[in-house]
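The values are calculated or read from the model by the stated rules, or taken from the named source; none is laboratory data. These numbers come from a predicted model, not from an experiment. Note: ideal-geometry Cβ built from the backbone for every residue, glycine included; neighbour counts use all protein chains shown. Remember, those area values only see protein heavy atoms, side chains included, never the ligands or the DNA or RNA. Shrake-Rupley method; radii C 1.70, N 1.55, O 1.52, S 1.80 Å.
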Amino acid sequence: RMGMSQKNIQVDFVVGDRVKILSGPFTNVEGTVSEMDDNNQKATVITIMFGRETSTEIGYGDLEKVDL
């Protein structure tokens, strides 16, 4: 990480909000934010996969708030 600066991403969602995953193997899957780690810029998102709740850690840049 020498010489690299970490860019903080501003997000418009909080714990409990519905979000959509924008990239990766869960692209376009919606879930609920259960935890947020501002230091690492990642959120834990609870999604429903195959009828079961699954928690996935996703970077803030790959999430978008869903307006209900």
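This model, with +1 at the C-beta of Lys and Arg and -1 at the C-beta of Asp and Glu, gives the chain a dipole about its Cα centre of some 200 debye.
The stretch between ASN39 and SER23, if pulled fully straight at 0.36 nm per residue, gains 3.7 nm over its current Cα-Cα span. Summed over the residues of the chain and divided among them, the accessible surface reaches 75 Å² per residue at a probe radius of 1.4 Å. Cross-link partners for LYS20 among the aspartates and glutamates, with Cα-Cα distance under 12 Å and sequence neighbours closer than 8 places in the same chain left out: GLU30, ASP62, GLU64, ASP67. Residues whose amide H comes within less than 5 Å of that of ASP17, counting only those at least five positions distant or on another chain, are VAL33 (H built at 1.01 Å from N in the peptide plane).
For the stretch 30-46, 3J(HN,Hα) computed residue by residue from phi via the Karplus equation (6.51, -1.76, 1.60; θ = phi - 60°) reads 9, x, 10, 6, 9, 8, 10, 10, 5, 5, 9, 6, 9, 10, 8, 10, 8 Hz, glycine and proline entered as x. Taking a straight Cα-Cα cut-off under 19 Å and skipping sequence neighbours fewer than 8 places away in the same chain, the lysines within cross-link reach of LYS7 are LYS42.
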